[in-house]
């Protein structure tokens, strides 16, 4: 432990598994008190137990980030418990269905953008005013290589939502830089439960996926969590509006 977040209050959405769980555990080890928000109660509580069992301080708040009232209540709960919010890692996201532009239904399109893009916006909508009151704060949003990559078929809604997060991040960074707030994004390729489900449905997909990565492997969630930690910590104090790629060189091609 190096106490990179010592004394900080950190929120991680999508903290029940994958990158979110790894981030919650890492942030705690680095001195933060952590609030995990997710729709999955059982897994979210498991993350809390893993942190408290290691001597950390964590709470779980069941939250659907696509619902304004629930996100507002989440931030109020954090302030009620801890009195402030220093770091927010807006990591929650979904891949409803891999469909082409033509094959998406309104339901699958809307479902993806409601959680990924609207959900990220709602989180910032309620995080930023609290951080402005404090005069400081850091926000990290999760985007995806699906936004950057050329020829990434059948991810139209997902890619559109993640591209929107990049633009949203840069706008929020510009709007709040003079007030002591930093807003960045992280762009990962990591072995998450969502990616594993795709590999289960399409056995050849994993080998094809790894072939696109120059480093020849998929990152562990913990490796992405380290990037998010850096962006949330004072080590990145002059970084805002940036998209940090943690993708093994994929975007160099």
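Every read-out reported here was derived from the displayed coordinates using simple, explicitly stated rules and does not represent laboratory data. Only a predicted model underlies this, so the values are computations on that prediction, with no experimental measurement involved. Note: ideal-geometry Cβ built from the backbone for every residue, glycine included; neighbour counts use all protein chains shown.
To the nearest 10 degrees, how steep is helix 41-53 against the longest Cα principal axis of the chain, on a 0 to 90 scale?
50
Taking Cα centroids, how far is the range 1-56 from the range 193-210 in Å?
One Cα centre to the other: 27 Å.
Which of these, 17, 235, 37, has the largest mean-square fluctuation under a Gaussian network model of the chain (Cα springs below 10 Å)?
Most flexible of the set in this elastic network: 235.
Given the options 239, 166, 61, which has the most mean-square fluctuation in a GNM of the chain, springs set between C-alpha atoms less than 10 angstrom apart?
239
Name the most mobile residue of 224, 101, 71, meaning the one with the largest mean-square fluctuation, in a Gaussian network model of the chain with Cα contacts below 10 Å.
Highest fluctuation among the options: 101.
Only helical DSSP H runs with n ≥ 4 go in: add -39500 (n - 2.57) per run for the chain, normalise by residue count and round the 222 nm mean residue ellipticity to 500 deg cm²/dmol. Could the numbers behind the result be given before it?
Values: 10 runs with 117 residues, N = 253.
The per-residue figure over the chain is -14500 deg cm²/dmol.
By DSSP, what percent of the beta bridges with both residues in the range 1-149 are antiparallel, rounded to the nearest 5?
Values: 0 of 18 bridges.
In the range 1-149, approximately 0 percent of DSSP beta bridges are antiparallel ones.
Could you give the angle, 0 to 90 degrees to the nearest 10, between helix 156-176's Cα long axis and the longest principal axis of the Cα atoms of the chain?
Between helix and principal axis, roughly 30 degrees.
Given R₀ = 25 Å, FRET efficiency for residue 40-residue 107 by Cβ-Cβ distance, to 0.05? Could the numbers behind the result be given before it?
On the way: r = 21 Å, r/R0 = 0.85.
With a Förster radius of 25 Å, E is 0.75.
How far apart, in nanometres, would the label points at residue 2 and residue 76 be if each is projected 7 angstrom from Cα along the Cα-to-Cβ direction?
Using points 7 Å along Cα→Cβ, the separation is 3.9 nm.
So how tilted is helix 68-82 from the main axis of the chain? Cα-based, degrees 0 to 90, rounded to 10.
40
Can you put 238, 60 in order of Cβ neighbours within 10 angstrom, beginning with the fewest? Please report the intermediate quantities before stating the final value.
Working: 238 5, 60 24.
The order, fewest Cβ neighbours first, is 238, 60.
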